[in-house]
Amino acid sequence: MKTYSDANLTKKHQKGVLAIGNFDGVHLGHQKVIFEAKKKAMKNKLPFGIMTFEPIPVMFFNKRIKSHRINSLYQKINQFKKFKIDFLIIIKFNKKFSKLSAEQFIEKMIFKKTNCKYLYVSKNFRFGFKRRGSIKTLKKFEKQFDYKNLIINPFKKKNKLISSTLIRKKIREGKITEVNKLLNRNWVVDGKVIMGEKRGRKIGFPTCNLKMGNYVVPRLGVYAVKVKTSDFNKKGIANIGYRPTFNGQSLLLETNIFGINKNLYNKVISVSFKKFIRGEKKFKSIELLKKQIKTDIKKAKNYNV
């Protein structure tokens, strides 16, 4: 897979099939668009690629939005690789790019940059200055810029429209098993382990601590998880919250990995969410907290992950 940013595609990747979107989460709806585009490319023996944007436009326009992403750019790229695409275009979403009109976007980003023959987007795709461009705009300029626009109807599951917005809502509600079905994989938070206050270790339950960064913050509480590093893939239990029993002030994802008791500071780990166990709670004493943690661990171990 060849990755492009500012440069135009090489001849090898021009006149192919292109799918465009934010693709935050690369959920079932996104997968439908990518599968259909890939199928067209294979049938016509054409190169196939994806165009996406970084940062996500809504985070560019509203700097106050921090906890928004379903997956990081790194995770998104890895998901794209699974489709065995030929090329990936990552457009830097900045002030200059945001000023492009819908027609300029088609001319500069689609025609001049890729010269694609087939263009795939979802039915609700919007683009250009103030999101004025739509599928009608894409259809209007087909002949002028020599491409065929193919629209994919939004994916529905049990008569519900699958969208990144819906998935974020379900993450915030702690409905992780539903989220995983809509993603067709487990929701994962990646991060570098940071130094904590070692309270977990002192009470007999050492944890690896991560900051949530730009990820959507799930419902505060305890989850059955799996933790993957370059060395192991183990079951565990995670708490996302402010540690009210200890009057904590900062949001942390604290994970106790079953069968692992070693220093993982500065190591990158992937926490894969499997099941919500209980909400965050303030305990009257450390002993009551320890008793609850033992119950939570038992539930997490019994859960088939």
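Can you figure out the FRET efficiency of Lys158 with Asn94, using R₀ = 51 Å and their beta-carbon distance, to the nearest 0.05?
Working: r = 39 Å, r/R0 = 0.77.
The value I calculate is 0.85.
Helix-only mean residue ellipticity at 222 nm, the chain, DSSP H runs n ≥ 4 weighted -39,500 (n - 2.57), per residue, nearest 500. What is it? Kindly include the intermediate steps, with their values, before the conclusion.
Details: 9 runs with 80 residues, N = 305.
Estimated from H runs of four or more residues: -7500 deg cm²/dmol.
From the cross-link list Lys82/Lys169; Lys63/Lys274; Lys274/Lys301, which pairs have alpha carbons spaced over 19 Å apart?
Values: Lys82/Lys169 26 Å; Lys63/Lys274 31 Å; Lys274/Lys301 12 Å.
Those over the limit are Lys82/Lys169; Lys63/Lys274.
Report the antiparallel proportion of the DSSP beta bridges in the chain as a percent, rounded to a multiple of 5. Walk me through the numbers on the way to the answer.
Working: 35 of 57 bridges.
Among the beta bridges of the chain, antiparallel pairing accounts for roughly 60 percent.
Determine the shape class of segment 2-161: with a ≥ b ≥ c the square roots of the Cα gyration tensor eigenvalues, call it rounded for a/c under 1.5, and otherwise prolate if a/b is greater than b/c, oblate otherwise. Intermediate results must be reported in sequence, preceding the final value.
Working: a/c = 1.29, a/b = 1.11, b/c = 1.16.
It comes out rounded by the Cα gyration axes.
How much length would be gained if the chain were fully extended between Asn302 and Glu287, taking 0.36 nm per residue of separation minus their Cα-Cα distance, in nm to one decimal?
Working: separation 15, 0.36 × 15 = 5.40 nm, distance 2.30 nm.
Going from the current span to full extension adds 3.1 nm.
Could you list the trypsin sites (Lys or Arg not before Pro) in segment 43-149 that lie in coil according to DSSP, counting only those with at most 13 other Cβ atoms within 10 Å of their Cβ?
Values: sites: Lys43, Lys45, Lys63, Arg64, Lys66, Arg69, Lys76, Lys81, Lys82, Lys84, Lys92, Lys95, Lys96, Lys99, Lys108, Lys112, Lys113, Lys117, Lys123, Arg126, Lys130, Arg131, Arg132, Lys136, Lys139, Lys140, Lys143, Lys148; in loops: Lys45, Lys63, Arg64, Lys66, Lys84, Lys99, Lys117, Lys123, Arg126, Arg132, Lys143.
Loop-located and lightly packed - Lys45, Lys63, Arg64, Lys66, Lys84, Lys99, Lys123, Arg132, Lys143.
Cα centroid distance between segment 221-236 and segment 153-171, in Å?
Here the answer is 26 Å between Cα centres.
What nm value, rounded to one decimal, do you get for the distance between Met42 and Gln14 when each label is placed 7 Å out toward the C-beta?
2.8
Where a number appears in this text, it was derived from the coordinates with a stated rule and is not lab data. These figures come from a predicted structure and were not determined experimentally. Quick reminder, even Gly has a Cβ in these numbers, built from the backbone with ideal geometry, and neighbours come from all protein chains shown.
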